[in-house]
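Report on the structure given below.
The values are calculated or read from the model by the stated rules, or taken from the named source; none is laboratory data. Computed from a prediction, not measured in an experiment: that's the story for all the values here. Cβ placement follows ideal geometry from the backbone for every residue including glycine, while neighbour counts extend to all protein chains displayed. The accessibility values were calculated without ligands, DNA or RNA, using every heavy atom of the protein model including side chains. Shrake-Rupley method; radii C 1.70, N 1.55, O 1.52, S 1.80 Å.
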Amino acid sequence: MDMNFDVSKVFQERLASSMGLDKYRYIMEQVSITNVAVDTDFQRTFNGFYIVRRNESWRKSYYEYFESVKNGKPTFENIITYLYECTGNIEPSFSSKMLATILPEKPIWDRYVVQNLNMQLTGATKEEKLKNAIVLYADMEKRYANFLQTEKGKECIREFDHVLPDYKWVSNIKKIDSILWSIR
């Protein structure tokens, strides 16, 4: 057995894998060079990473829209409104995941992240929930921007980059997302 290995590299790769950063790298490398509407490998990886458990019709609509907007500057409001009009569902999480894949400086609406930020979607009707989701997402963006300016935010970025140097390319927002997701 060859005992000449880089211990730091081994730990970095295991930690990155446990956080799903190897899958995230694939998604981010492929999104701009593949047709996400038809690339089943991309879809399978995206579905696994972001835990997309929706029927085939929903996924078809999602990935076709994803492909149609990925080279532009979509907004959370555009995406969530489209998905609502297309499926009848309020989809803040999947809307944010599409957006953050296209624009990596945008945060992910994930149940663990929302929980850690003490945010909750409210509304008596679907239309109220849709409007509230848009407002909450804007608030989430502000919270991230403010947090990144704090000493704790800067410490999180420094530590992420120190522990996972091969992932320094990950946006600061995604680094915070990964940490919040990991602490659940």
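Observations
- Inter-site label distance for Ser57 and Arg111 at 7 Å from Cα along Cβ, in nm: 2.4
- Highest-first packing order for the peptide set 121-133, 99-111 is 99-111, 121-133, based on the mean count of other beta carbon atoms within 10 Å.
- Carbon-plus-sulfur accessible fraction, the stretch 46-158 (probe radius 1.4 Å, protein heavy atoms only): 48%.
- Kirkwood-based Rg to Rh ratio, the stretch 107-184, C-alpha trace: 1.05
- P(r) tail, the chain: Cα-Cα pairs separated by more than 28 Å, 27% of all pairs.
- Point-charge dipole on Cβ atoms (K/R +1, D/E -1) for the chain, about Cα centre, debye to 20: 340
- Placing a pseudo-label 7 Å from each Cα along the Cα-to-Cβ vector at Asp166 and Val7 gives an inter-label distance of 1.8 nm.
- Between 0 and 90°, nearest 10: helix 92-102 axis offset from the chain longest Cα axis: 60
- Shape call, the stretch 1-103: gyration tensor on alpha carbons, a/c limit 1.5: prolate
- Å² of accessible area per residue within the chain, as computed with a 1.4 Å probe and no ligands counted: 57
- Spin-label model, Ser32 to Leu148: label points 7 Å out along the Cα-to-beta-carbon direction sit 1.7 nm apart.
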